[in-house]
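A short write-up of the structure that comes next.
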Amino acid sequence: MSKKKISVALTGLNNTDNPGPGVPVIRGIRESKEFDARIIGLAYENLEPGIYMHNVVDKTYQVPYPSEGTDVLINRILEIHEKDPIDVLIPNFDAELYAFMKAEETLKKANISTFLPTLEQFEERHKSELPKFGEKYDVKVPFSKPITRSDEIDNLKEDFDYPLMVKGKFYDAYLAYNADQVKMHYNKISAKWGLPVIIQEFIKGTEVNVVALGDGHGNTVGAVPMRKQYITEQGKAWAGITLDDKRLLDLTDKIISGMKWRGGMELEIVKSFENDLYVIEINPRIPAWVYLAVGAGQNLPEALIKLALGQEFDPYTKYEIGKMFIRYSYDIITDVREFEKLSTLGEL
């Protein structure tokens, strides 16, 4: 059977010690049995490693940060689409999703397919909304509260025991053992990601993660749970193993069914020493370790493309248990002329 030729544009090419999901998503697409994909990389920075991995990305275009305005970003996407048609667009960063969700109809009119959460779904899983989320969907979550002023920090001891977690609204999470550490993390996070900063109860236990895909009608298209085996200083998984844990899959099904979640998601869960499952974060996109799911038998990036194109298919029901991933660093040798070309022309 000949593969269908399509063009897929993706962000998240920053495959560094804090990797974006772009490169592993592309690897899954490259292994598709149904699609022969031309990969268009969308880069925010001109040193994102994926740009120079020519066996991974066919063509790269530089795009403006979402912070420059939704219209500016979407106009650049449409400009690229004019000369290099895009069939499916897969954004891979939390911070850019708002712009793409807002522009979903505009992209659709231009024949660019996406498969993204709704604005309501995106908003209700925010870290600052987690207590309401837990109540609404009957799942255990740690107690948390957003703060917007540094003078609120001294009063945290009224609601929290130390240590506690200090988290950014999009990324970054730090454990703090006293008010001084909270202030330090608060300043760093608010400068980088803005306000609010979220203070969260620290649950002692084992952290586990689930990558999953929802069809927008309450059905789980695929889900693979894993435990981190090695964690970097940034808290990122550098090795992990798939788990045989029906409770994690049942919890994932419950959340996707309740929310009618549309698109990729990552659940960050702590299994407490009392064996309770606490949802500590819901990330609204495919995570950077998704290639483990592909290796375990669930090609979720391929499934996401099928959903975006409105194709019918049977959900995944199995995956291989005990499959591991181990990340490694790799030196790409490129030429300064490539870097200059991207910097001056905005494409490579």
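With the simple model of a label 7 Å out from the Cα in the direction of the Cβ, K59 to D314 spans 3.8 nm. Distance between the modelled labels on Q229 and E31, one decimal in nanometres: 1.6 nm (7 Å Cα→Cβ projection).
Loop-only check: which trypsin sites (Lys or Arg not before Pro) in the range 22-115 are DSSP coil with at most 10 other Cβ within 10 angstrom? Provide the component values of the computation, followed by the final result.
On the way: sites: R27, R30, K33, R38, K59, R76, K83, K102, K108, K109; in loops: K33.
Here the trypsin sites (Lys or Arg not before Pro) that fit, given the DSSP loop and packing criteria, are K33.
Using 0.36 nm per residue and subtracting the Cα-Cα separation, the extra length available between S2 and K254 on full extension is 87.0 nm.
Here's the list of lysines a cross-link from K192 could span, going by alpha-carbon distance under 20 Å and ignoring same-chain residues fewer than 8 apart: K127, K145, K167, K169, K183, K236. Take the Kirkwood radius over Cα pairs of the range 1-102, plug it into Stokes-Einstein at 20 °C and 1.002 mPa s, and you get 155 µm²/s for translational diffusion. Beta bridges from DSSP with both residues in the chain: antiparallel share about 75 percent, rounded to the nearest 5.
For the range 124-179, applying the loop criterion from DSSP together with a ceiling of 13 other beta carbons within 10 Å to the trypsin sites (Lys or Arg not before Pro) yields R149. A convex hull fitted to the Cα coordinates of the range 152-254 yields 145 cubic angstrom per residue. The chymotrypsin sites (Phe, Trp or Tyr not before Pro) of the range 117-194 meeting both criteria, a DSSP state outside H, G, I, E and B (loop) and at most 16 other C-beta atoms within 10 angstrom of the site's C-beta, are F143, Y171, Y177. Multiplying each eigenvalue of the alpha-carbon gyration tensor of the range 1-43 by 5 and taking the square root yields semi-axes of 23, 11, 4 Å, largest first, rounded to whole angstroms. Centre-to-centre separation between the Cα atoms of the range 109-183 and those of the range 14-49: 28 Å. Volume per residue of the convex hull around the Cα atoms, evaluated for the chain, comes out as 143 Å³. Modelled label positions at E347 and K109, each set 7 Å beyond Cα in the direction of Cβ, lie 2.4 nm from each other.
The C-alpha atoms of the chain define a longest principal axis, and helix 246-259 lies at about 80 degrees to it. Output the 0 to 90 degree angle, nearest 10, between the alpha-carbon long axis of helix 179-193 and the longest principal axis computed from the alpha carbons of the chain. Approximately 20 degrees, to the nearest ten.
Each residue of the range 220-235 was assigned a 3J(HN,Hα) from its phi angle through the Karplus expression (A = 6.51, B = -1.76, C = 1.60, θ = phi - 60°), giving 8, 7, x, 7, 9, x, 8, 10, 5, 9, 8, 10, 6, 4, 7, x Hz with x at Gly and Pro.
Convex hull volume of the Cα atoms of the range 144-197, normalised per residue: 64 Å³. Quick one: grab the alpha carbon gyration tensor of the range 206-348, order the square roots of its eigenvalues as a ≥ b ≥ c, and give me rounded if a/c is under 1.5, else prolate or oblate depending on whether a/b is larger than b/c. Oblate is the answer for the range 206-348, as a/c is 1.5 or above yet b/c matches or exceeds a/b.
Values quoted throughout were computed directly from the atomic coordinates according to the rules given, and no laboratory measurement underlies them. This one's a predicted model, so the numbers in the text were calculated from it and none came from an experiment. Because the Cβ atoms are built from the backbone with ideal geometry, glycine has one as well, and the counts that use them run over all protein chains shown.
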